[in-house]
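Have a look at the structure below, then the notes.
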Amino acid sequence: MPSPYRAIFSAPGSKEFSAAGFFGRMPLSMMGIGVVTMISQLTGRYGLAGALSATLAMSAAVCGPQVSRLVDRYGQRRVLRPVTLVAVAAVAGLLICAQQGAPEWTLFVFAAGAGCVPSVGSMIRSRWAEIYRGSSRDLHTAYAWESIIDEVCFIFGPIISIGLSTAWFPEAGPLIAAGFLLVGVFWLTAQRATEPVPHPKSLHTGGSALRSRGLQVLVATFVATGAIFGGVDVVTVAFAEERGHKAAASLVLAVYALGSCLAGAVFGLLHLKGNPSTRWLVGVCAMAVSMIPLLLAGNLPLLAVALFVAGLAIAPTMVTTMALVEAHVPRTKLTEGMTWTSTGLAVGVALGSSAAGWVVDAAGAKAGYAVPVVAGALAAAVAVLGYRRLAGPAATGGRGEDDRHLRTDDDERVA
């Protein structure tokens, strides 16, 4: 491991909570694609598969920020464990209904419940932020490391989920994803020493973290970005099936994640200067442009190359996004603020996967890649229009009114 990454793990407990976060985040890459594969295997209907995947994502978008707001107030252990049990029970109901051929409305009900999944990535990043609050360099490396973990999940998650559902039984992918979630969350919440201390209720003023104008830009851009990811997932499965190699879709999507993983590893070694909002804008525009070659790919090897190149822009943009969230959101709402970016992605994934499923059913897989192309153009447009909000001085910078109260409380305890 390169020395900057080795250095951040000198903090006690950091290896353990990062490892737990890996397991807890595997469902992020497994559940949606697992449901798409399962439903397409059982019914052959990509429209229904995409709609159920969209329901999962929309449910996560609605529940995620509320769960994280409760975490900021009451702590990770008290909130995450019961929420996870609800999500796992809903996954079980979804799989049973799908296997037994129950009415479609039951699938959507349980899919909505299964989307009640905590944003484990935000929980891990909030622990890093607590440890390295005063060291921007170490925190940059820690965020880069977590982006690498995200991409490792997206390398192996689809392979496991699609592979099990096609080679074992259709419900296997979502079932294993639920198991990963259960193990990861309970292991993470057992580690109390590194859990951020909940902030007193009196400090939770000013409403939602989404009132930050900078965070609004990030979330709006990530809705379009999520549509890229959701569209690419669904269309790639259909593209591979049209060419008689459906199981190869997991490998192609893994190459997409591999590009992001490698870029994130290099990005974490750099000590960049200048305005992070400018780097973020360049990253979003690069993701948008990288979607265009997908329309030209005529076979799986060419598609894999195009997706690898497209993946190079993802992790650096995500790392910079976390730094911008920390700059524009008060510390008492940091977990919620980070979760709102995940929520934006989830909403986008829902829209992108649903739109891609209908386009594939209507016009074929290759035409489906128009969905991520359009989504990329929208992401770039929103980023350009909102850039001035991010480039200007933050209203709180994570050091605003809430933090002044925190310092006063700390001084009183010391006294």
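The values are calculated or read from the model by the stated rules, or taken from the named source; none is laboratory data. All values derive from a computational prediction rather than experimental measurement. No Cβ is skipped: glycine too gets one built from the backbone with ideal geometry, and neighbour counts run over all protein chains shown. What goes into the accessible areas is simple: the full protein's heavy atoms, side chains included, and nothing from ligands, DNA or RNA. Shrake-Rupley method; radii C 1.70, N 1.55, O 1.52, S 1.80 Å.
Note on S10 and A363: the model spin-label points, each 7 Å out from Cα along the C-beta direction, lie 5.6 nm apart.
Tell me, what is the percent relative contact order of the chain, built from C-alpha pairs under 8 Å that lie six or more residues apart? Let's see the in-between values first.
Values: 753 pairs, mean separation 109.9, N = 415.
Relative contact order here is 26 percent.
Here region 333-389 has an Rg and Dmax of 14.3, 44 Å, counting Cα atoms alone. Rounded if a/c is under 1.5, else prolate if a/b beats b/c, else oblate: with a ≥ b ≥ c from the C-alpha gyration tensor eigenvalues square-rooted, which is region 59-173? Since a/c reaches 1.5 but b/c is at least a/b, the shape of region 59-173 is classed as oblate. Considering helices alone, the calculated mean residue ellipticity of the chain at 222 nm is -27000 deg cm²/dmol, with DSSP H runs of length four and up weighted by -39500 (n - 2.57) and normalised per residue. Computed in the context of the full set of protein chains, the accessible area of region 197-318 at 1.4 Å probe radius has 73% of its extent on carbon or sulfur.
Distances longer than 19 Å among the Cα atoms of region 227-309: what percent of all pairs is that?
The calculated P(r) of region 227-309 puts 43 percent of pairs beyond 19 Å.
Using a probe of 1.4 Å on the protein chains alone, the accessible area found for H271 is around 120 Å².
Give me the number: length gained by fully extending A247 to R81, i.e. 0.36 nm times residue separation minus the C-alpha to C-alpha distance, one decimal in nm. Before the final figure, lay out each step's value.
Working: separation 166, 0.36 × 166 = 59.76 nm, distance 3.39 nm.
So the extension gain works out to 56.4 nm.
In the complete set of protein chains, residue-level accessible area for Y256 is approximately 20 Å², probe 1.4 angstrom. Cα extents for region 290-353 along the principal axes, largest to smallest and rounded to whole angstrom: 49, 23, 14. For R389, the accessible surface of its heavy atoms amounts to roughly 90 Å² (probe 1.4 Å, protein chains only, rounded to the nearest 10).
Placing a pseudo-label 7 Å from each Cα along the Cα-to-Cβ vector at V309 and A381 gives an inter-label distance of 2.5 nm. Residues in the chain average 39 Å² of solvent-accessible surface per residue, probe 1.4 Å, ligands and nucleic acids excluded. Gain on full extension, evaluated as 0.36 nm per residue between A167 and Y74 minus their Cα-Cα distance, stands at 29.2 nm. A 1.4 Å probe over all protein chains sorts F169, F229, F239 by accessible area into F169, F229, F239, starting with the largest. With each label modelled as a point 7 angstrom along the Cα→C-beta vector, the Q66-T278 pair spans 4.2 nm. For region 353-382 versus region 206-284, the spacing of their alpha-carbon centroids is 15 Å. Taking only protein heavy atoms and a 1.4 Å probe, the accessible area of region 61-101 is 61% carbon and sulfur.
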